[in-house]
Amino acid sequence: MTLLSLLFWLLVGGTFQVLMPAWRYMGQPAFPFVLAVVLYAAMSKKSRYFVIMALLGGILEDSLSLAPLGFSGCALLAAGGVATLLRADFFTFRATAVSVLGAFCTAVATGVMAILLHVKGLIVLTPAETGWRMLGSALLGAIVVPVMFRLMQALERRLGMREEMV
Amino acid sequence: MKDRRWIALCAIGLIVLAILNLPDTASLRVKGAVRDGLSPLQGALRGGVREVREIIRYVRGIGDLALENRALFEEIVYLRGEVRVARDLERDNQMLRELLGFSRRFPTRLISCEVIGRDSTGWWQTVRLDKGAESGVAEDRAVITPDGLLGRTVAVSDETADVLLLSDPTCKVSVRVARSGVLGIMTGLGGAPGEQPACRMDYMGLTADIQEGDEIVTSGLGGVFPKGLVAGRVTRVEVAADGLYRTAFLQINADLGRAEYGFVVATDADLQAAAKGLTEELTGTKTDLLGESAP
């Protein structure tokens, strides 16, 4: 059931990410709906769910863009890995904490993706532009991730699923 | 416990490496399958949004409908006359080309497509069309709108095609100034679609005849874009930083940010290939069905 619910959100997130145009400002970052699902899995589910979500989310994102297969998976794994490390130390599900976590992890994912695409020679970005874009994506992450967390929690409550805080 | 964690990490690493090193054909097949699988959902959602927008537009403009209708009617009459003249000119042109022994321009067909999505990561400026190889869309084909050039197809699956927009920094087009014939290379500036100026035209000599307001069309060189497609208009001309050539900044004619439809410029060969594929598929299905039903 947990996997089904996460897959549902992954599909919804991917579709919304494609439908919503990238934000016009601060380097045009995309809205991180898929990343929010991965972070949710990293924060509230067993590790295997997070890994599955990161790999599937990566394939989904890469399929819906021009990125080579596996690049987004690496970025999502890195961001989710950071979230998993933070979860063990101090994390709570308060909106402000989720917001800060979302901002940080989105910036990490953007940075990893920028490095991979730059090394492969697929994008033309200066370090300043990359930094600006990371800042922009952090801002979007700070808004989108808490909203997605709330929605996912609400659905789980409706379905009578208990959160597995492992 | 620690051993298990290391084993899990190694397994993840191996899976990632395997995905990253998939052969191109397998990678394209996976991407195409995911894209085709999601395209009906995207199309339906996009259609819903468009319907709502149309209703709002209709309600807002209900008072001006009679006037708009009249204006459109006048435009139809005018355009019909233009088409008649253009047909005569086309016929004369072909006849003269044949007399001079020039080769015929390659025949093209337009495939109308609907925009159903955008790049999901925001790293590229692309839009996704609802038609792909099955409809005759091939890679590296020009995509136009009634206002002008939109971009070129870069990734084509069976049912969808991604279009790299003119404003993307990796999109380069060989263009010329319609008035003077000066050639140059147009490159996207990477700004958000709709922001101006969106493109730059480089590599024109210091004495090149180009000025503000000049119309820029495709030159036909390079083989991707047919000759004479309207790309944009010059907004500013400068001498490049190294002082060796002039650079013009362009405003793109097509509204890249709001494009809802596009026309892929396909060749007859593309359409024939699509028809052949479809026939083969149908024949294959027929054989399977016969095979299944056979006693």
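Residue by residue through the stretch B:135-170, note down the ones that are hydrophobic (A, V, I, L, M, F, W, C) and within 14 Å of chain A (Cβ to nearest Cβ). Walk me through it before giving the result.
First, the residues of the stretch B:135-170 that are hydrophobic (A, V, I, L, M, F, W, C): B:137-138, B:142-144, B:149-150, B:154-156, B:161, B:163-166.
Hits for the stretch B:135-170 are B:V154, B:A155, B:V156, B:A161, B:V163, B:L164, B:L165.
Name the residue that is farthest from the other protein chains (Cβ to nearest Cβ), counting only residues in the stretch A:87-119 that are touching a Pro at 6+ places or on another chain (Cβ under 7 Å) and not small (G, A, S).
Out of the qualifying residues, it is A:V98.
Quick grid of which residues meet (1) in contact with a Cys (Cβ under 6 Å, 6 or more places away or on another chain); (2) in contact (Cβ under 8 Å) with a residue 60 or more places away in the chain; (3) more than 7 Å from chain B (Cβ to nearest Cβ); (4) part of a helix (DSSP H, G or I):
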site: A:F50; (1), (2), (3), (4): no, no, yes, yes
site: A:L60; (1), (2), (3), (4): no, no, no, yes
site: A:C74; (1), (2), (3), (4): no, no, no, yes
site: A:V82; (1), (2), (3), (4): yes, no, yes, yes
site: A:L85; (1), (2), (3), (4): no, no, yes, yes
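Go through the stretch A:3-48 and count every residue that is over 30 Å from B:L189 (Cα atoms) and within 10 Å of chain B (Cβ to nearest Cβ).
So the count comes out to 4.
Only the coordinates and a few stated rules stand behind these numbers; no lab work does. Small disclaimer: the values here were computed from a predicted structure and weren't measured. Note that each Cβ is placed from the backbone with ideal geometry, even for glycine, and that neighbours are counted across all protein chains shown.
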